[in-house]
Amino acid sequence: MIKRRAFVAGLGAVLAAPLGALAQELRKSPRIGFLAPAAAPQPESPIAFLLEAFRQGLREHGYLEGQTITVEYRWAAGRFERLRQLADELVGLNVDLIVAPSTPAARAAKQATSVVPIVMAPVGDPIEAGLVVSLAHPGGNVTGLSLLSYDLISKRLELLKTVASRISNVGVLLNPANDSAQTYMKHLRTGASQLGLRLVLLEVREAHELERAADLMAMGRVDCLLVIEDPVYLQWPTRIAALAAQRRLPAMYGAREFVAAGGLISYAPSFPEIFRRAASFVDRILKGARPGDLPVEQPTTFEFVINLKTAKALGLTIPPSLLLRADHVIE
């Protein structure tokens, strides 16, 4: 039996302990933040599937959300200016690290803290964005995955021109609030010049701007469409694919989710795989690794997806050589 005097003394020590230290001791599972520029996903949406891929990665490393790990979600709903405030909220919650699935989200997190580890999942060019010093040795508190592959940009134009050889004016759908889009445009201009293509910028930040982009397509005499990948656009794959279909425009997308929604072709890394891989960075950091010592990963394989049903509706015949190269054909 515990003596009353010893029990009272122990209780006094507990009550005298700082509340922050006591809370830290009671919190047995790690807590991470997830800072996203998009809106909270609806069931069965592309973003919901990407989020599930991240959760699958966590499970593969032994983390069960709500049981052995807590995830604090913050969604900016397309309002990139809110990201810094949401990042500050996560830092205020004393999260163990922040997962940032876009360049604007990673930058906001980095502005909010130089101490809390940040996992990019993914971003465009992390060096140009000032997030890391180098890919091999990031330094600081940021690491993760990058989409950096300028060959990919030119390849998309080449594939689009192979599918629709008569194109000359390429409408480029991009989100000007996303810094990565501007980096992509710089390299797109080089690729377009080499192929003799003219670029027409179609800036869309929010869903209601899609119709205005459609009007610009007509005014700019656009005869095909290239959609730059953006987390906000993954909220509207069906609407964007329908926009191209209504105007009978061959379109290249930066994620296969758009082709599954009725788009023509995509050439891109596997985003579910990227989100799953992000969990491995979370695991290593929670086990003591320093973000600055973990090299940034770049995609090494890309998926080429073709929607034959859409091609037929557009009156296009996909060359057999491209069908053989495709990783997935939707019929």
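How many residues are closer than 26 Å to residue 196 by Cα, in contact with a helix residue (DSSP H, G or I) (Cβ under 7 Å, 6 or more places away or on another chain) and crowded, with 21+ Cβ neighbours inside 10 Å if we restrict to region 134-162?
Adding up the residues that qualify gives 2.
Matching residues to (1) within 23 Å of residue 167 (Cα to Cα); (2) part of a helix (DSSP H, G or I):
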{"residue": "258", "(1), (2)": "yes, yes"}
{"residue": "284", "(1), (2)": "no, yes"}
{"residue": "299", "(1), (2)": "no, no"}
{"residue": "304", "(1), (2)": "yes, no"}
{"residue": "311", "(1), (2)": "yes, yes"}
{"residue": "316", "(1), (2)": "yes, no"}
{"residue": "329", "(1), (2)": "yes, no"}
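Restricting to region 191-234, what's the tally of residues that are under 23 Å from residue 106 (Cα atoms), surrounded by fewer than 19 Cβ atoms within 10 Å (Cβ to Cβ) and acidic (Asp, Glu)?
Counting residues in region 191-234 that are under 23 Å from residue 106 (Cα atoms), surrounded by fewer than 19 Cβ atoms within 10 Å (Cβ to Cβ) and acidic (Asp, Glu) gives 2.
Would you tally the residues in region 286-297 being surrounded by fewer than 19 Cβ atoms within 10 Å (Cβ to Cβ), in a loop (DSSP other than H, G, I, E, B) and in contact with a Ser or Thr (Cβ under 8 Å, 6 or more places away or on another chain)?
Of the residues in that region, 1 qualify.
For residue 53, indicate whether it is in contact with a helix residue (DSSP H, G or I) (Cβ under 6 Å, 6 or more places away or on another chain), crowded, with 24+ Cβ neighbours inside 10 Å and either at pLDDT 95 or above or hydrophobic (A, V, I, L, M, F, W, C) (or both).
no
Among what's in region 24-38 and is surrounded by 16 or more Cβ atoms within 10 Å (Cβ to Cβ) and in a loop (DSSP other than H, G, I, E, B), pick the residue that is modelled with the highest pLDDT.
Step by step, filter region 24-38, then rank; the result is 30.
Report the residue count in region 241-257 for those that are in contact with a strand residue (DSSP E or B) (Cβ under 6 Å, 6 or more places away or on another chain) and of a type outside the set (D, E, K, R).
The total comes to 8.
The values are calculated or read from the model by the stated rules, or taken from the named source; none is laboratory data. What you are looking at is a predicted structure, and each value in this text was computed from that prediction instead of being measured. Here Cβ is always computed from backbone atoms with ideal geometry, including for glycine, and neighbour counts include all displayed protein chains.
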